[in-house]
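First up is the structure itself, then whatever we jot down about it.
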Amino acid sequence: MKNKIVFVSLGLLLFFGIFSFSAFAAGDFDVTGHVVSLPDKMPGIIAQTAQKDKAAIVLIKSIVTGTAVIPSFTVVQGGAADTGSIVGTWQANIETVTFTADGRFSGSSPQNGAFGGTYTLQGNILVAVYTSPSAATVQFTYTLSVNTLTLSHPQVGTVVYTRVGANAQASTNVVANAENLEIVRDTGTSAKLLTQEVMNGGSGTGFIISPDGYIVTNAHVVLAHLNPKDMLVEAVANSFANELYAEASAYYNIPPEDKEKVVKILLSKFMSYFMENGQITDINTNYYVFNGVASPGEDLKVKSWQAVVKKQGTVYEKIGSEYSWGRDVAILKVDKTNLPTVALGDSGKVQVGDSIFIIGYPGTKAEEYFKPESELEATVTQGVVSARKTLNTGVEAIQTDAAINHGNSGGPVYNEKGEVIGIATFGAGPETGIEAIKFMMPINLAKEFMNELNVQNRHSIIDSKYSEALNAFWNRDCYTAIADMKEVLTLYPGHPYAQEYVNECERAIISKEVSKPFNTTLWAIVAVGVVLIASGAFLFIKKAALFQGKKK
C-alpha cells in the first residue's frame with residue numbers, strides 16, 4: 001500500500017506546490033472584438049439602444065484572494081488495510097505469472113520459457129516449489145498491494161508485477177483503502193508550513209450612470225451576501241478535488257464512480273485536517289470593471305478598471321424565521337471621467353404588460369460551446385412586465401418573463417423609450433416550479449442610493465456626439481458618421497466601439513455601397529451667388545437703360 005500513500009501525498013503536494021489560477025490570463029478570454037454592419041434600414045429601438053448604450057454597459061468581476069496556510073503532513077495507513085489477494089494473473093515487462101487459489105502457479109518468460117509449480121505464503125515470504133522446467137525451491141520476499149506485486153531475491157533482484165484483468169476487485173479495494181487512510185501532522189525537524197495563493201469570485205453586469213464613473217449593479221454581484229473567508233475555503237476544497245481526481249485518473253484504472261468515491265473520501269479527510277490545522281490569511285476583495293473589447297494577448301487585468309463599492313444594500317433579509325430578497329442594489333465608482341452613460345427612466349410609471357428588454361453578460365451552462373471571447377459580448381433578451389409585487393421585506397420587485405441568468409444580474413432593464421427602468425436581479429428558481437419567472441429591482445430604488453451619495457444621472461458630450469454619429473451611420477451617411485466617430489475618439493480615445501463604425505464606413509465607401517451625400521450647403525451658397533450675380537446684372541442693365549433714356 002506504500003505506493004498508494006505516495007500517490008495521495010503527491011496529490012496534496014501538487015495542490016500546494018504548482019496549482020495556480022488567474023482570472024485575467026489573456027488566454028482565458030482571447031477577446032477579438034465585435035463586428036458592426038451597415039444597416040439597410042433604420043434599426044428599431046432595441047437595436048438602437050443596444051448600440052448606443054453598449055459602451056456604458058460593463059462586465060463586473062468580484063475577486064477574493066488570499067493565502068492558504070497548512071502544516072505539512074504525512075498520509076498513513078490506518079486500520080486494517082485490504083491489500084488484496086495474490087490470486088490472479090500478474091505481468092512484468094518480460095514475464096507473466098498466474099497464481100491460483102489452490103496453491104499452484106504457472107507462467108512464461110522469453111528467457112526461461114514456460115514454468116510452473118506450487119506456492120505457499122509464510123508471512124512476507126513466498127515459497128515457490130518449481131516442477132518445470134526443472135525442480136527447485138526458491139524463497140522470495142514479497143509485498144502486495146491491490147494492483148502491485150513485488151518479488152525480491154538476492155540473486156534475481158526485484159521484479160514489480162502489475163495485476164491483469166481485475167479492475168472490479170481493484171475498485172473495491174481502492175475505495176476500502178482510501179477509507180483507511182489518515183492524514184497526520186508532521187512533527188519535529190520535518191515539519192514545515194505549506195502555502196498556496198487561492199482565489200474565488202463571481203461576475204455580473206453593471207451600467208454607468210454618470211460621466212465621472214459611478215456604476216449601478218446588484219449587491220450580490222459585489223458578493224455582499226458572502227463571507228470572503230468561506231469563499232476561499234471553498235476554493236481550497238474545489239482545487240484540491242480537481243487535482244486529486246486528475247491524479248486518481250492517471251494512477252488507477254477503475255470506473256469513474258469509484259474514482260468519485262475515492263476523491264470524496266480523501267477530500268473529506270483533507271478538509272477536516274485543513275479546518276483543524278490550516279488557515280486563510282491575507283484576504284482581499286477587489287472589483288474589476290471590463291468596458292468593451294480587448295485585443296488578442298492583451299492583459300485584461302490591465303485593461304480593466306479597478307472599482308470601489310460606494311454603497312451596497314442587502315441581498316437577503318430575515319423576516320421572522322424566513323429569509324426574503326432585500327434591497328439588492330450596489331453603487332460602484334471607477335476613477336474615470338467623460339464616460340458614456342445610460343438614461344434612467346421612472347420605474348413608478350411601469351405598467352403590467354409593458355414591453356421591456358434586458359442587456360447584459362449572461363453566464364450560462366452552454367459556455368463550453370462558444371469561444372472564450374463571447375464572455376465580453378453583451379446579449380439582449382426581451383419580455384413583458386408580468387406583475388409588480390412587494391416582497392416580505394417591503395421591497396418592490398417587478399416580475400418579468402424575460403430571461404435573467406446569473407451573469408446578466410445587475411444589467412439594465414429598458415422600456416420602449418430606451419430608458420432604464422429596472423435592474424435585472426433574480427429568478428424564482430427551479431425548486432419553486434416557476435423557473436421562467438424572473439424579477440428586477442426598480443430603478444427608483446437605485447435612485448434612492450444615488451441620492452444618498454449625491455450622484456446624478458448625467459450625460460456627457462461623448463453621449464451626444466456618439467448619438468449623432470450613430471444616427472448618421474443608421475442613415476447610411478458614412479461621411480458624416482466617420483467625421484463624428486473620429487471626434488468621439490478624440491474626446492474619448494478609449495471608446496471601445498467608435499473605431500468599428502469608422503472601419504465599417506470606410507469599407508462601405510471603398511466598395512461603393514454608399515455615395516457621397518449631396519452637399520446642400522455648398523449648392524445653397526452657389527444658388528445665392530447666382531441670385532446675387534443675376535440681381536446685380538439686372539440692376540446694372542436697368543441703370544444703363546435709365547442712363548441712356550436721360551441722355552436722349
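The values are calculated or read from the model by the stated rules, or taken from the named source; none is laboratory data. Computed from a predicted model, the values in this text were never measured in an experiment. Quick reminder, even Gly has a Cβ in these numbers, built from the backbone with ideal geometry, and neighbours come from all protein chains shown.
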Checklist entry - Regarding Ala136, is this residue of a type in the set (A, V, I, L, M), surrounded by fewer than 16 Cβ atoms within 10 Å (Cβ to Cβ), more than 30 Å from Val309 (Cβ to Cβ) and not assigned by TED's automatic domain parsing to the domain that holds Thr285? => result yes
Item to check | Ile18 modelled with pLDDT of 90 or more, aliphatic (A, V, I, L, M) and farther than 20 Å from Gly360 by Cα | outcome: no
Next on the checklist: Please count how many residues of the stretch 483-501 are outside any loop (DSSP other than H, G, I, E, B), in contact with a helix residue (DSSP H, G or I) (Cβ under 7 Å, 6 or more places away or on another chain) and more than 12 Å from Leu38 (Cβ to Cβ).
Outcome noted: 9
Checklist entry - Residues in the stretch 265-280 that are charged (D, E, K, R) and surrounded by 14 or more Cβ atoms within 10 Å (Cβ to Cβ): how many? => result 1
Next on the checklist: Can you confirm whether Ile125 is over 30 Å from Asn471 (Cβ atoms) and within 56 Å of the chain's Cα centre (by Cα)?
Outcome noted: no
Item to check | Selected residue [among the charged types (D, E, K, R) and either more than 26 Å from Gly418 (Cα to Cα) or outside any loop (DSSP other than H, G, I, E, B) (or both)] from Arg458, Arg476, Arg507 | outcome: Arg507
Next on the checklist: Can you tell me how many residues within the stretch 449-467 are crowded, with 20+ Cβ neighbours inside 10 Å and closer than 10 Å to Leu339 by Cα?
Outcome noted: 2
Next on the checklist: Please verify whether Thr341 is part of a loop (DSSP other than H, G, I, E, B) and modelled with pLDDT under 85, treating the condition exactly as stated.
Outcome noted: no
Item to check | Residue satisfying all of: in the stretch 230-244; modelled with pLDDT under 90 and more than 18 Å from the chain's Cα centre (by Cα); nearest to Gln196 (Cα to Cα) among these | outcome: Phe240
Checklist entry - Within the stretch 190-210, is there a residue that is assigned to a helix (DSSP H, G or I) and not assigned by TED's automatic domain parsing to the domain that holds Lys54? => result yes
Item to check | the stretch 104-121, subset within 59 Å of the chain's Cα centre (by Cα) and not in a strand (DSSP E or B), residue modelled with the lowest pLDDT | outcome: Gln111
Checklist entry - Counting only residues that are buried (at least 18 other Cβ atoms within 10 Å of the Cβ) and in a loop (DSSP other than H, G, I, E, B), how many does the stretch 220-241 have? => result 3
Checklist entry - So Thr390 clears everything in (1) modelled with pLDDT of 90 or more; (2) among the β-branched types (Val, Ile, Thr); (3) out of contact with any helix residue (DSSP H, G or I) (no Cβ under 6 Å at 6 or more places or on another chain) except one condition, right? Which one? => result (1)
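For (1) part of a strand (DSSP E or B); (2) modelled with pLDDT of 95 or more; (3) of a type in the set (Asp, Glu), each residue gets a yes or a no:
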residue	(1), (2), (3)
Ser268	no, no, no
Glu276	no, no, yes
Val308	yes, yes, no
Lys318	yes, no, no
